[in-house]
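What follows is calculated from the coordinates using simple rules that are stated; it is not laboratory data. Source: prediction; values computed, not measured. Cβ sites come from the backbone with ideal geometry, for glycine too, and all protein chains shown count toward neighbours.
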Amino acid sequence: MARNLFSLEGRTALITGGSRGIGKMIAAGFIAQGAKVYVSSRKQAACDATAAELSKGGVCISLPQDISTVEGCKALAGTFAKRESKLDILVNNAGAAWLAEFDAFPENGWDKVLNLNLKSPYFLTQALHGALKAAANAERPAKVINIASIDGIRPNPQETYSYQASKSGLIHLTRRMAAKLIEANICVTAIAPGAFASEMNFVARDQGVELARHIPSKRIGRDEDMQGVAIYLASRAGDYAVGITIAVDGGVTYASLHV
């Protein structure tokens, strides 16, 4: 059993926001462990390009879809259902951020972020509930992994009000969904990333050396750091982890002496 703890052979995964950044990191990690991976993102060209690239290492299929609305979530679930009758692993990774000063923060910046970061993970999981239940049993639970942020655990100095609120909400939503879905052998967990280079986290991407000085581990996150935690939660190794959120941040949240 120990040899297969982290294997994803025979499992099917769907990763939203899977064409770049953390979603793409996780997709590559899952494929390396033998999973069949569907990647979804709003932009078809980017989604298709990522699927083509990752297919060199295994099975990766593009399912482009805007999931910022409930209708979009249902559409993605419907498209997936035409290809697969069950879903072993759902990664709710698609997200957005908005930066604006307190007195100027706009309603559209609030709604865009909350809709994609907090509402969509709930309604996409709801739309795929049947497929997750079809894959789940007591010996091999299905998995839902929500990608939150350490900004949902402690405040970030940047004025990203709706982003920080959405990620904090997603962490608590993870616990509430977990309490319900474990009844059907579906484990819901979350990952709270710290500094990983991506288009959204342009500070880590463009100023990684400077940022690393403020991280206890003295570096920003690497692909393998994200992949390791995601594979753990998705595989047999993580079957008894229910409702938890793991901070993957080099110690910023829980091992920093800086206030």
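A few notes on this one:
- Relative packing of 135-141, 16-22, 233-239, which averages over residues the other C-beta atoms within 10 Å, highest first: 16-22, 233-239, 135-141
- Mean Cα-pair separation over length for the chain, i.e. relative contact order, pairs under 8 Å, 6 or more apart, %: 19 percent
- For segment 240-259 versus segment 51-84, the spacing of their alpha-carbon centroids is 30 Å.
- Residue-wise HN-Hα couplings along segment 228-239, as the Karplus relation 6.51 cos²θ - 1.76 cosθ + 1.60 with θ = phi - 60° gives them from phi, are x, 5, 5, 5, 4, 5, 7, 9, 4, 4, x, 5 Hz; Gly and Pro carry x.
- Only lysines eight or more places from Lys218 in sequence, or on another chain, were considered; those with a Cα closer than 30 Å are Lys24, Lys167.
- Once backbone amide H atoms are built at 1.01 Å from N, Val144 has Leu90, Cys187, Val188, Thr189 as its partners under 5 Å, excluding neighbours fewer than 5 places away on the same chain.
- Quarter of Cα convex hull surface for segment 2-248, i.e. mean projection, nm²: 13.0 nm²
- Estimated [θ] at 222 nm from DSSP helical runs (n ≥ 4, -39500 (n - 2.57)) normalised by residues in the chain, nearest 500: -11500 deg cm²/dmol
- The distance linking segment 152-168 with segment 1-31 is 27 Å (Cα centroid to Cα centroid, whole angstrom).
- In terms of the mean number of neighbouring beta-carbon atoms within 10 Å, the peptides 184-190, 81-87, 70-76, 222-228 order highest first as 184-190, 70-76, 222-228, 81-87.
- Under 12 Å, Cβ to Cβ, from Ala77 - net charge with Lys/Arg +1 and Asp/Glu -1: +1
- If you take all other residues with their beta carbon under 13 Å from the beta carbon of Tyr240, and give Lys and Arg +1 and Asp and Glu -1, the sum is +1.
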